[in-house]
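In what follows, a structure is listed as structure tokens, so that the remarks can point back to it.
None of the figures in this text is laboratory data; all of them are computed from the coordinates on show. Small disclaimer: the values here were computed from a predicted structure and weren't measured. Cβ atoms come from the backbone with ideal geometry, glycine included; neighbour counts cover every protein chain shown.
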């Protein structure tokens, strides 16, 4: 088995769904970031075949998830609600701007890897297009939820963005900007609906949520500092805490605890490091405190979890 020192610390990751890159099985293949991608934030993931239920947070931006490869049965539900399933394959998409967290899970099938592209459309661009096309205040308009939809025009735009994404540093900012604007126009023309739930306007912007969760993940071995974290994402501690919980369903401190326990589970399974070393690696200098937290979250002691 590997030892703790052999396991590289995960790089800071950016994600909008709750711990999307930490809790969802699979790997990130490509990320579109930097000057060429100011109006859209795009990532491509290769997912494991089975994903058990996890919580997707509310964010301010419209989110599109587009199937790049493979097929799967995807199930979604509101918290405490009934599961609704969709059968999806290449070219199908999901669209949401959910004002509240919801649950998601899937089971992939077939021989092809299950790969998806996530695209967050910036709120300023969406608002400009709403005003330009509908002439209404942006607060009166959002996008309807679509699960497992098919749209030839949308797929064409997303395919072009995927191609630019693959070009990395050579991506054309002018082309990406034009595609982003075209995408926003298409969404407003075909998927805009009246915003009857104004809570979405008070959701934590995805860029701030991605930044915050990346910092949390990178600092699991350090004491949690709510005010310092909030300052780094440009918010007050109170405002950040309130919107973070609204977006994820968890307080920032509980989110960190869940991340620490998840990392500890990985290290217990994949390394020969002592429980003391693992506890310290996830921010607990006291073995008894680490064991208490671990048992509370998993129902097992660290040693029992390792033996299991």
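Angle of helix 206-218 to the longest C-alpha principal axis of the chain, folded into 0 to 90 degrees and rounded to 10: 20°.
How big is the Kirkwood radius of segment 239-304, worked out from every pair of different alpha carbons and given in Å to one decimal? The Cα-based Kirkwood calculation yields 12.5 Å.
In terms of surrounding Cβ atoms within a 10 Å radius of their Cβ, 164, 232 rank from fewest to most as 232, 164.
The C-alpha atoms of the chain define a longest principal axis, and helix 173-191 lies at about 80 degrees to it.
Based on Cα coordinates alone, diagonalise the gyration tensor for segment 63-157, multiply each eigenvalue by 5, take square roots, and list the semi-axes in whole Å, largest first. Before the final figure, lay out each step's value.
Details: eigenvalues 146, 62, 18 Å².
One finds semi-axes of 27, 18, 10 Å for segment 63-157.
The Kirkwood hydrodynamic radius of segment 14-199, based on inverse pair distances between different Cα atoms, is 16.8 Å.
Evaluate the relative contact order of the chain (contact order divided by residue number), counting alpha-carbon pairs under 8 angstrom at least 6 apart; express in whole percent. Show your work: numbers first, answer last.
Working: 565 pairs, mean separation 65.1, N = 308.
Once divided by the residue count of the chain, the mean separation gives 21 percent.
Only DSSP H runs of four or more residues enter the estimate; each adds -39500 (n - 2.57), and after division by the residues of the chain the mean residue ellipticity at 222 nm equals -12500 deg cm²/dmol.
Can you run the Rg to Rh ratio on segment 145-197? Use alpha carbon positions and the Kirkwood inverse-distance Rh. Working shown, then result.
Details: Rg = 13.2 Å, Rh = 12.5 Å.
Radius of gyration over Kirkwood radius for segment 145-197 works out to 1.06.
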